[in-house]
1. Out of curiosity, is residue 70 modelled with pLDDT of 95 or more, surrounded by 14 or more Cβ atoms within 10 Å (Cβ to Cβ) and more than 50 Å from the chain's Cα centre (by Cα)?
2. With the requirement that a residue be within 12 Å of the ligand (Cβ to nearest atom) and in a loop (DSSP other than H, G, I, E, B), what does the range 186-198 give you?
3. Only one of 32, 25, 7, 53 is assigned to a helix (DSSP H, G or I), more than 30 Å from residue 134 (Cβ to Cβ) and either within 30 Å of the chain's Cα centre (by Cα) or in contact (Cβ under 8 Å) with a residue 40 or more places away in the chain (or both); which?
4. In this structure, does residue 176 turn out to be within 16 Å of the ligand (Cβ to nearest atom) and out of contact with any strand residue (DSSP E or B) (no Cβ under 6 Å at 6 or more places or on another chain)?
5. With the checklist (1) at pLDDT below 95; (2) outside any helix (DSSP H, G or I) in hand, flag the one item residue 174 doesn't pass.
6. Within the range 199-226, count every residue that is near the ligand (Cβ under 7 Å from one of its atoms) and touching a residue at least 40 places away in the same chain (Cβ under 8 Å).
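The values are calculated or read from the model by the stated rules, or taken from the named source; none is laboratory data. Keep in mind that this is a model prediction, so the values were computed, not measured. When we count neighbours, we look across all protein chains shown, and the Cβ atoms used for this are built from the backbone with ideal geometry, even at glycine.
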Ligand SMILES: [Zn+2]
């Protein structure tokens with residue numbers, strides 16, 4: 001086989017490793033992003049619930065002081081009771097008392113409702129805190145692990161690139177320029193094996209004479225469709 005073709009095959013092998021390492025690194029980085037997002041989401045949920053409980057407690061305080069005011073009013077109203085004289089006055093008094101007692105009832109119900117809400121929020125928050133602690137620990141561990149994998153991949157990537165760029169210098173200038181241009185394409189392929197007369201890269205059937213020449217391995221031949229070197 002032509003020495004140049006041998007070099008190209010080896011170069012393609014190094015470049016395949018480069019591409020593989022790059023895709024692994026990007027996959028690892030995506031995993032880190034997803035882990036971080038999960039952790040962030042959980043933290044936001046916790047903060048939202050904490051803000052909610054704060055506002056509910058404030059409301060509860062307000063409702064309790066309203067209740068106290070109502071109770072004061074009732075007391076004052078009841079003190080007036082003995083001084084009532086006419087039936088009209090008594091009727092008005094009773095109407096006012098009924099109204100204020102209904103207000104008291106509503107307010108008490110509201111306070112109870114708030115207490116229930118606060119109780120269940122406190123439960124949810126303590127559950128979330130447990131979940132947060134576990135998630136945070138797990139995410140930190142996993143991210144550390146992924147980072148160590150990234151370091152390994154980066155090392156392999158650097159080695160493959162180094163081997164590639166050292167070897168590419170052995171190609172004659174014209175082939176080198178073309179090879180580098182092809183390897184820089186999206187799929188990172190510069191050379192393909194022929195399967196009979198079919199290009200292993202684009203699956204195009206090349207002319208028989210060209211396939212025969214490629215099989216001899218004396219000349220440098222390219223696919224007439226995708227332009228990759230073929231052997
Ligand atoms: Zn092709």
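1. yes
2. Of the residues in the range 186-198, the ones within 12 Å of the ligand (Cβ to nearest atom) are 187, 189-195, 197-198.
Matches in the range 186-198: 187, 189, 190, 193, 197.
3. 7
4. no
5. Result: residue 174 fails condition (2) only.
6. 0
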